[in-house]
Ligand code: 13P
């Protein structure tokens, strides 16, 4: 069975409520007639419930940019998976490089978030990626392997739709430098193999692995033509309705 492509927009710390509403309306309009791919948007927390209203009854999936593992409690500044579920949120980005590098989230913390999300039927978009110096020093595979094994410790899945993996090389995020399609494909194939050692092979074969890092209208088609690239996680280019529409409407 072919993997259904997933085009995801991470709005990061951008958009006022009005801007979020307008962008969500444009994404719904751009995705309405497409039934062969999934489209996801991850607005900032302040706009989640507003955008939930816009995407209700559309094909667009709502995601948060992070999630706590507990259903409730004294965790100032966090959002629980039940709160997300309550407003119709289906996915949560977890382990984004900005969380790892700017807010020092560890593999252990990320693992707890992943477990809490899955237990509460929120699909994690589990992000991993190496820095430029790690790649240049030949440590890329060790870094990715460490992030994947630690992030997925004690995680068990019934099916592949419970988890999405996003490979986002840190050196390609917001820099305009995209991994070439061959570099990305090589890592994705390696990751699928690794996921096959962690979960059952048929689950890994069905799991969606996204590429992220300076995805633009100019490079989307060639990226999506690679065998193991099942979608993209887009930052900057997801904030402009026209460029995100072109990315959603990729051609294989
Ligand atoms: P850019 O597309 O702006 O490089 O951001 C990628 C990203 O971090 C998506 O999560």
Self-check item: Residue that is nearest to residue 212 (Cα to Cα) [pool: residues in region 122-140 that are touching a strand residue (DSSP E or B) at 6+ places or on another chain (Cβ under 7 Å) and away from the ligand (no atom under 14 Å from the Cβ)]
Solution: 123
Practice problem: Residue by residue through region 128-162, note down the ones that are outside any helix (DSSP H, G or I) and within 12 Å of residue 191 (Cα to Cα). | Solution: 128, 129
Quiz item: If you go through region 222-252, how many residues are in a loop (DSSP other than H, G, I, E, B) and near the ligand (Cβ under 9 Å from one of its atoms)?
Solution: 2
Quiz prompt | Enumeration of residues in region 105-120 that are in a helix (DSSP H, G or I) and either in contact (Cβ under 8 Å) with a residue 60 or more places away in the chain or more than 16 Å from the ligand (Cβ to nearest atom) (or both) | solution = 107, 108, 109, 111, 112, 114, 115, 116, 117, 118, 119
Quiz item: Is it the case that some residue within region 211-221 is more than 15 Å from the ligand (Cβ to nearest atom), under 17 Å from the mean Cα position of the chain (by Cα) and not in a helix (DSSP H, G or I)?
Solution: no
Quiz item: Among the residues of region 88-104, is any touching a helix residue (DSSP H, G or I) at 6+ places or on another chain (Cβ under 8 Å), in a helix (DSSP H, G or I) and crowded, with 21+ Cβ neighbours inside 10 Å?
Solution: yes
Quiz prompt | For residue 165: the one exception among (1) touching a helix residue (DSSP H, G or I) at 6+ places or on another chain (Cβ under 8 Å); (2) in a loop (DSSP other than H, G, I, E, B) | solution = (2)
Exercise. Working carefully through the options 143, 71, 102, find the one that is more than 20 Å from residue 160 (Cα to Cα), within 16 Å of the ligand (Cβ to nearest atom) and out of contact with any strand residue (DSSP E or B) (no Cβ under 7 Å at 6 or more places or on another chain).
Key: 102
Quiz item: Could we say that residue 53 is surrounded by 15 or more Cβ atoms within 10 Å (Cβ to Cβ) and either in contact with a helix residue (DSSP H, G or I) (Cβ under 6 Å, 6 or more places away or on another chain) or part of a helix (DSSP H, G or I) (or both) here?
Solution: no
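Throughout, read-outs are computed from the coordinates displayed, never taken from laboratory work. Only a predicted model underlies this, so the values are computations on that prediction, with no experimental measurement involved. Heads up, the Cβs are rebuilt from the backbone with ideal geometry, glycines too, and the neighbour counts pull from every protein chain shown.
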